[in-house]
Amino acid sequence: MPDSYRLGIDVGGTFTDAVLLSEKTGELQIAKVPSTPEDPSVGFITALTRVLEKTNLDPESIAYLVHGTTVATNALIEAKTPKTAFITTAGFGDMLEIARQVRPSLYDVHFTKPRPLVPRNLAYEVQERLDADGHVLIPLDAGSVIEIARQLQKEAVSSVAVCLLHSYLNPDHERRVRDILLEHIPGLVVSLSSDVLPEFREYFRASTTVVNACLRPVVASYLNGIASELTNRRMQAELLVMQSNGGVLSFDTAAEKPVYMVESGPAAGVIAANFVARALGRRDLISLDMGGTTTKTGLILDGQPKVTKEYEVGSEALPGVGQLRGNGYPIRIPVIDLVEIGAGGGSIAWVDSGGILRVGPRSAGADPGPICYGQGGQQPTITDANLVLGRINPRYFLGGEMELDADAAHAALESCGKPLGLGAMATANGVVEIANAAMINALRLVSVRRGYDPRDLAMVAFGGAAPLHANRLLAEMKIPLLVIPPSPGTTSALGLLVSDLKHVYSHTSLITPENLDLEEISSTFTSLQDSGKRTLAREGILPEKMRFQREVEARYVGQSHEIPIPWPDGPLSRSTVDAVIAGFHQEHERAYGHGYPEESVEFVNFRVTATGLLTRPKLRELSSRSGNPEDALREVRQVFFSESKDLQKTAVYDRYRLSPGHAFAGPAIVEEIDSTSLIHPGFQAKVDRYGNLLVTAAV
């Protein structure tokens, strides 16, 4: 039987990574190329070509191709979305303008709310009205929809979001609006809130639908372009896209609902961290993903990434703070719960007007990149600082494909520190320590601030820059174990290859103990599950490979926010409901420090996650070789460590010559093509049977 392969391609802000996995042997091949921000598909095809050339494979050998991309998020941040209109119930046309009365900084008098994705002149109202139970109060006026269609043609609108009052209970009016629009404007892209997010809360449903409508033409064009190019190359692989909740979607589904892939790349990193840790028997961990632009950290408990529905796309990432509420466009879809800050290898160091050294959130990105890249960068970055501190080998960056200009980095940091009376080395150390402090705060936000003790967790560090900083963070957070997987710079792309197909279906139905109807609950779950079965069947998933997870969002009567609680499988009974209510009380006490078992509980949103299981590869175990770590010693060089405030002689190892069982003490550096790992004094590293570096405090 011929070997088949899976290919994951992750387009990041600075680099595009490709990981090729043999389904037969588990062997990995990687490629890393600079991203192409003007047209991300160019970097995608370059990475694809590079990895196939390295392995001398034909495109027909690829069975699965999974893509992680930031094209959706970037389109919103850069305001590169097509002209989009919004249609809602009469009297609600100002919904997007009003938005929410929240701001990221309470006392910032200069704060300006984000520009609505749809300007007020393209927000239209139709005559219709449903009551809170979904019954028709005012029938839909088809004439008003026809008039709107004329206006849309006049304005040359290419995409429309439709969000009518209470349509989550009764979608008939929304569907009729769509049909009328398509009768008069064939080819118009129409997104219905009852399809995208059939849940209550008008603004969140409208905002989510508008984001989806803005992205559909962009994402569809991007994915169709890639699919066409792959067809020209005779590739017949199944084409999938990573979505924000850690599952994957087909290209066709992603083109219909691109709002579900806004955090595509970062989600893949968390899935990869979980995959690596589970092979080691670790089910509770923190993931640390530091790339060229940002650092992302997530929490995984009992082998499951934490998922949230409180997310804003397009919000600004601030060092040490993360995304701030009220600074972006809220979407109510399942997203892996990440704290993201503007501190990556390309984050720029600068001195503010008060004479304080700052790092980020602005990034040099892929073009022009850090000063040491020699591509026109003018401001020093974290990568330049690590180079000056001796932590990066200027002759072995990307395995020697790119030689770094250490002199230029030194001069830039010296110039940056001059107003502060600091030399290049002290400035570089300051830049790294400031970045570390921001990352420590992010780690605390995702663990301590949410009630979890980091001393009970492991950390998996990946991304091109994370292994340079992770050991320092480990010491500060008192995390007992650091895992650095092989090829950490491409680990997120590996996460693309170990995910399952996943779709989420939800329905709002307010149910209290007083109006509890077991038949209605059972019918709701059955309907949602049937929708999942139909979708997975269309994607070629056999019934025995389908899994369904039920969940309900509950709250105390009178509260305005809900907590998701798992709903057990099996026959529905009063005892099942009582168990769910007891679980809600326990989770409320864990999350907020108090619960009220005597209070009534209200069920709000019912949800089913439909999963199509794909064949999961296994990590490849490496064979041990004779010899000791000294056989992998490349050189000894001077490296600056903040603990000693001085340069120290540091052993530099070639990771590809290290073997399972090899162990060595810090200070040490481990070099590989796509990343550099730093082991601090007082710590030790050991290579496990999968080639992971396991870093712990020295005994």
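For this structure, a couple of remarks:
- Residues in segment 190-224 that are among the aliphatic types (A, V, I, L, M), surrounded by fewer than 22 Cβ atoms within 10 Å (Cβ to Cβ) and either touching a strand residue (DSSP E or B) at 6+ places or on another chain (Cβ under 6 Å) or modelled with pLDDT under 90 (or both): Val190 only.
- If the condition is being out of contact with any Ser or Thr (no Cβ under 7 Å at 6 or more places or on another chain) and not small (Gly, Ala, Ser), then segment 339-360 contributes Trp350, Val351, Asp352, Ile356, Leu357, Arg358.
- Residue tally, condition part of a helix (DSSP H, G or I) and in contact (Cβ under 8 Å) with a residue 24 or more places away in the chain, over segment 493-521: 10
- The listed residue being over 29 Å from Arg455 (Cβ atoms), assigned to a strand (DSSP E or B), touching a residue at least 24 places away in the same chain (Cβ under 8 Å) and among the charged types (D, E, K, R), out of Arg620, Arg607: Arg607
- On inspection, Ser560 fails the criterion of being touching a residue at least 12 places away in the same chain (Cβ under 8 Å), in a loop (DSSP other than H, G, I, E, B) and of a type in the set (Ser, Thr, Tyr).
- Test result for Lys418, closer than 25 Å to Ile271 by Cα and of a type in the set (Lys, Arg): no
- Residues of segment 631-669 satisfying the condition of being of a type in the set (A, V, I, L, M, F, W, C) and open to solvent by less than 50 Å² (accessible area, probe 1.4 Å): Ala632, Val639, Phe640, Phe641, Ala651, Val652, Leu658, Phe664, Ala668, Ile669
Residue-by-condition table, conditions (1) assigned to a strand (DSSP E or B); (2) modelled with pLDDT of 90 or more:
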residue: Val339; (1), (2): yes, no
residue: Gly369; (1), (2): no, no
residue: Gln378; (1), (2): no, no
residue: Asp384; (1), (2): no, yes
residue: Arg391; (1), (2): no, yes
residue: Gly399; (1), (2): no, no
residue: Ala409; (1), (2): no, yes
residue: Glu414; (1), (2): no, yes
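- In the set (1) under 29 Å from Ile98 (Cβ atoms); (2) open to solvent by 10 Å² or more (accessible area, probe 1.4 Å); (3) of a type in the set (A, V, I, L, M), the condition left unmet by Ala227 is number (1).
- The residue list Val126, Val118 contains one member that is under 28 Å from the mean Cα position of the chain (by Cα) and either open to solvent by less than 80 Å² (accessible area, probe 1.4 Å) or within 17 Å of Pro330 (Cα to Cα) (or both), which is Val118.
Quick grid of which residues meet (1) more than 20 Å from Val189 (Cα to Cα); (2) assigned to a loop (DSSP other than H, G, I, E, B); (3) open to solvent by 50 Å² or more (accessible area, probe 1.4 Å); (4) of a type in the set (Ser, Thr, Tyr):
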site: Thr73; (1), (2), (3), (4): no, no, no, yes
site: Pro82; (1), (2), (3), (4): no, yes, no, no
site: Glu97; (1), (2), (3), (4): yes, no, yes, no
site: Thr112; (1), (2), (3), (4): yes, yes, yes, yes
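- Look at segment 452-480: where a residue is of a type in the set (S, T, N, Q), no partner that is open to solvent by less than 10 Å² (accessible area, probe 1.4 Å) and part of a helix (DSSP H, G or I) sits 6+ places away or on another chain with Cβ atoms under 9 Å.
- Enumeration of residues in segment 13-64 that are open to solvent by less than 70 Å² (accessible area, probe 1.4 Å), of a type in the set (Asp, Glu) and touching a Ser or Thr at 6+ places or on another chain (Cβ under 8 Å): Asp17
- Selection within segment 335-393 - β-branched (Val, Ile, Thr) and without any contact (Cβ under 8 Å) to a residue 24 or more places away in the chain: Ile356
- Some residue of segment 156-176 being closer than 20 Å to Val504 by Cβ, without any contact (Cβ under 8 Å) to a residue 60 or more places away in the chain, among the charged types (D, E, K, R) and in contact with a strand residue (DSSP E or B) (Cβ under 9 Å, 6 or more places away or on another chain): yes
- Residues of segment 259-293 classified as open to solvent by 10 Å² or more (accessible area, probe 1.4 Å) and either under 29 Å from Leu197 (Cα atoms) or among the small types (Gly, Ala, Ser) (or both), total: 9
- Gly43 vs. criteria touching a Pro at 6+ places or on another chain (Cβ under 8 Å), assigned to a loop (DSSP other than H, G, I, E, B) and either farther than 26 Å from Gly369 by Cβ or not basic (Lys, Arg) (or both): no
- Of Thr535, Thr524, Thr490, all but one fail to be of a type in the set (S, T, N, Q), in a helix (DSSP H, G or I), open to solvent by less than 10 Å² (accessible area, probe 1.4 Å) and touching a residue at least 60 places away in the same chain (Cβ under 8 Å); the exception is Thr490.
The values are calculated or read from the model by the stated rules, or taken from the named source; none is laboratory data. Note that this is a predicted model, so its numbers are computed, not measured. Heads up, the Cβs are rebuilt from the backbone with ideal geometry, glycines too, and the neighbour counts pull from every protein chain shown. SASA here: full protein model, heavy atoms, side chains in, ligands and nucleic acids out. Shrake-Rupley method; radii C 1.70, N 1.55, O 1.52, S 1.80 Å.
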